[in-house]
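Asker: First the structure, then my questions, so here it is.
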Amino acid sequence: MRIALFIPCYINQFYPQVGIATLQLLEKLGQDVFYPHDQTCCGQPLANSGFEGDAVRTYDLFVRNFQDYDYIVAPSGSCVYHVRHHFDIIPQSAEVSHVREKTFELCDFLVNILKIDKIEARFPHKVGLHQSCHGLRGLRLGQSSELMGPGHASVVRQLLAGVEGLELVELTRADECCGFGGTFAVAEEAVSVKMGTDRLSDHLKNGAEVITATDMSCLMHLEGLVRRRNLPLQIKHVAEILNSKNKVSI
Amino acid sequence: MNGHPQAAAAFNRDEAHVDWHDTALWAVRQKRDTMAGTVRNWESLRSLGSQIKAHTLSNLGQYLEQFEKNALQNGVKVHWAADAREHNRIVCEILKQHKVGKLVKSKSMLTEECGLNPYLEAQGIEVTDTDLGERIVQLAKEHPSHIVMPAIHKKREEIDLLFQEHLGTRRSGGDALYLTREARKHLRQRFLQADAALTGVNFAIAETGGFVVCTNEGNADMGVHATPLHIACMGIEKIIPAQEHLGVFLRLLARSATGQPITTYSSHFRAPAPGQEIHIVIVDNGRSNQLGRPEFRNSLHCIRCGACINTCPVYRRSGGHSYGYTIPGPIGSILAPGKDLHRHASLPFASTLCGSCHDVCPVKIDIHKQLFRWRQVIVREEGADFFKTLAMKATAFVFARPGLFAFGGKVGRLLLKITPRFLVYSRLNSWGKQRELPAPPGQSFTEWYKRERG
């Protein structure tokens with residue numbers, strides 16, 4: 001099985017350690033992982049801003065980069081959601097359909113494709129899980145709080161629960177949006193910041209030392225607020241936690 | 001441009017007030033969760049509601065005509081209005097024919113949408129909104145900030161002052177029981193003096209020609225039973241095929257709206273009592289245009305419960321008035337552009353596309369997807385401002401060219417590292433006003449990979 005690693009543009013440029021953790025984690029699990037060098041972005045920043053038409057060439061490039069692999073795995077729910085749901089405006093060739101169907105968020109891939117329920121990792125900290133919206137409600141990585149009745153447990157929660165020493169804190173609002181929202185963070189700066197600080201208060205109030213998520217974009221926004229306000233919170237992508245070794249210092 | 005971001009930023013200048021507003025609405029969302037959780041197969045009920053609405057919209061003409069036929073047989077007079085102007089004219093004519101000087105109204109977002117109150121007042125008719133929340137905003141000369149709780153933006157203390165001014169109440173420091181009792185006395189007088197009553201319509205049943213009005217205060221019934229003339233105004237999408245479907249929607253509506261099992265009053269009207277008249281005004285006002293837009297037509301499923309508004313993290317932190325449209329929040333943001341794209345162009349962007357609105361919606365309107373689609377329409381038809389367009393075109397150019405992407409990233413990270421802080425965090429940097437930018441690493445992932453793995 002040939003797996004291609006898709007590293008979202010902003011992770012590539014600003015958070016290489018998240019890409020490295022994802023790669024190492026998959027390799028530790030015995031997977032053949034390839035990294036197509038010519039990848040850039042899924043095009044979501046353009047499309048979410050209303051410039052979908054200008055994103056077509058980026059979509060085409062994405063498909064060319066990833067069409068020859070069995071699976072495409074990314075440490076992001078949002079970018080995966082975009083590939084799966086918004087690549088519908090280009091002609092649906094066999095390659096495009098293949099790429100749309102076989103692109104997976106990391107935790108989803110580990111649990112539902114590799115059928116792994118527990119990762120050998122140790123992370124002795126109180127962790128607050130921020131449930132990134134596109135992963136939660138878009139990819140259904142877990143059941144959102146709006147839906148009723150028995151639903152499947154979050155794959156992210158499931159993996160984190162298996163990490164040695166890790167204590168998941170319960171939040172007052174389990175899955176409220178952090179307010180990142182791409183260009184929303186800039187265009188609606190006031191509301192975006194308020195949403196972010198409210199999320200941080202929830203994590204702090206409930207004793208989190210570390211905030212994690214499937215999406216570094218939410219975390220980039222939250223980290224920006226944490227650093228400006230000097231809050232006692234660490235930010236770690238879920239791949240970094242799942243890839244953590246026995247001795248971890250953060 | 002004067003749009004949602006400016007109004008929302010103004011709302012956020014008083015953080016304590018934002019917290020109060022957010023908490024009040026989140027409590028309603030929680031009540032909804034509790035009450036929806038008591039219904040076995042809630043999700044199936046949502047699907048059923050959605051399917052009935054989809055079926056009805058696909059056969060709308062047929063059901064509207066069936067409704068009209070049955071209503072006429074019941075002795076109800078039926079009027080058709082293509083737009084707001086025609087609606088207002090029809091209502092005014094009926095009132096003039098009956099020499100109505102004083103009208104009591106129960107809640108109707110449609111008449112709000114049509115601007116009926118100022119129209120009638122200009123014709124010398126005294127209009128009293130009898131829903132307590134609507135009466136409060138009417139006295140304050142404001143518009144509702146929420147479709148179910150019109151005065152949710154107002155604190156008790158503000159209402160206290162308002163009542164002192166308009167109803168001559170004593171200073172009570174916001175004593176809710178006292179204020180409610182005074183409002184009751186005031187409204188009872190208005191009911192007794194009224195010549196006619198106007199209500200909205202929650203559900204109109206094609207099979208019977210009857211219709212249902214849901215209130216918690218009984219104000220629709222008070223008005224209707226105290227006066228000889230009842231005018232009911234409804235949008236064309238309020239129709240449901242048969243009586244048996246009512247149970248589905250009544251179960252969904254109040255639970256989604258306020259977390260009640262059912263509204264206190266679900267009043268069924270079918271035929272006028274002896275000596276009374278019932279008129280129904282069926283209004284299009286842009287709805288059939290929306291029906292003709294395949295990507296947006298299911299926005300007409302809406303039963304106006306407000307659940308998407310209560311759950312919306314942006315609405316809770318920006319207030320209903322920031323939307324500048326009769327229907328605020330997520331549902332308003334997909335309806336408003338269909339009415340006036342230019343005027344409401346900022347609304348589809350007033351969302352993080354978190355999708356909570358879709359999951360909470362009792363009739364499964366895919367609001368987040370429609371927000372995304374409206375964004376495309378807006379940029380295509382209205383354009384975006386110069387800098388945004390330039391930034392997007394440049395980004396698109398870079399994303400399609402891997403070499404340029406790698407080079408641009410390297411230069412960008414370097415610039416971020418060496419540029420003095422005051423320049424990076426200049427006034428132009430909206431991100432950096434209250435947030436740090438990520439600390440630029442020495443190498444990108446691609447650079448690391450090439451170095452380590454070749």
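Asker: Would you mind telling me which numbered condition in (1) at the interface with chain A (Cβ under 8 Å from one of its Cβ atoms); (2) hydroxyl-bearing (Ser, Thr, Tyr); (3) farther than 27 Å from A:TYR35 by Cα B:SER426 fails?
Answerer: (1)
Asker: What helices (runs of 4 or more DSSP H), lying completely within region A:1-111, carry at least 1 residues that are facing another protein chain (nearest Cβ under 9 Å)?
Answerer: Passing ranges, in order: A:9-14, A:16-28, A:44-48, A:56-66, A:77-86.
The rows are residues; the columns are (1) over 19 Å from B:THR311 (Cα atoms); (2) aromatic (Phe, Trp, Tyr); (3) at pLDDT 95 or above; (4) in contact with a strand residue (DSSP E or B) (Cβ under 7 Å, 6 or more places away or on another chain).
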site	(1), (2), (3), (4)
B:GLN30	no, no, yes, no
B:THR34	no, no, yes, no
B:ILE52	yes, no, yes, yes
B:LEU64	yes, no, yes, yes
B:LYS69	yes, no, yes, no
B:LEU72	yes, no, yes, yes
B:GLY75	yes, no, yes, no
B:HIS79	yes, no, yes, yes
B:ALA84	yes, no, yes, no
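Asker: If B:HIS342 passes every condition in (1) surrounded by 14 or more Cβ atoms within 10 Å (Cβ to Cβ); (2) assigned by TED's automatic domain parsing to the domain that holds B:PRO5 but one, which one does it miss?
Answerer: (1)
Asker: Which one is surrounded by the fewest Cβ atoms within 10 Å (Cβ to Cβ) among residues in region B:359-370 that are under 21 Å from B:ALA345 (Cα atoms) and within 9 Å of another protein chain (Cβ to nearest Cβ)?
Answerer: Among those residues, the one meeting the criterion is B:LYS369.
Asker: Any residue that is more than 24 Å from B:ARG46 (Cβ to Cβ), within 16 Å of the chain's Cα centre (by Cα), part of a helix (DSSP H, G or I) and within 14 Å of chain A (Cβ to nearest Cβ) - is there at least one of those in region B:328-346?
Answerer: Yes: one or more hits.
Asker: Would you check if A:GLY162 is more than 14 Å from every other protein chain (Cβ to nearest Cβ) and not charged (D, E, K, R)?
Answerer: Spelling it out, A:GLY162 is indeed more than 14 Å from every other protein chain (Cβ to nearest Cβ) and not charged (D, E, K, R).
Asker: Please tell me if B:GLN370 is over 13 Å from A:SER49 (Cα atoms) and not in a loop (DSSP other than H, G, I, E, B).
Answerer: Answer is yes for this residue.
Asker: Next question. With respect to B:GLY383, determine if the residue is farther than 19 Å from A:PRO8 by Cα and either buried (at least 18 other Cβ atoms within 10 Å of the Cβ) or more than 9 Å from every other protein chain (Cβ to nearest Cβ) (or both).
Answerer: yes
Asker: Tell me which residues, restricted to region B:91-102, are over 25 Å from the mean Cα position of the chain (by Cα) and not basic (Lys, Arg).
Answerer: Hits for region B:91-102 are B:CYS92, B:GLU93, B:ILE94, B:LEU95, B:GLN97, B:HIS98, B:VAL100, B:GLY101.
Asker: What are the residues in region B:252-286 that are surrounded by 19 or more Cβ atoms within 10 Å (Cβ to Cβ) and either part of a helix (DSSP H, G or I) or on the phi > 0 side of the Ramachandran plot (or both), if any?
Answerer: The answer is B:LEU252, B:LEU253, B:ALA254, B:ARG255, B:SER256, B:ALA257, B:THR258, B:GLY259, B:ASN285.
Asker: Residues being under 16 Å from A:LEU171 (Cβ atoms) and out of contact with any helix residue (DSSP H, G or I) (no Cβ under 6 Å at 6 or more places or on another chain): count how many of those fall in region A:201-221.
Answerer: Number of matching residues: 12.
The values are calculated or read from the model by the stated rules, or taken from the named source; none is laboratory data. Source: prediction; values computed, not measured. Quick reminder, even Gly has a Cβ in these numbers, built from the backbone with ideal geometry, and neighbours come from all protein chains shown.
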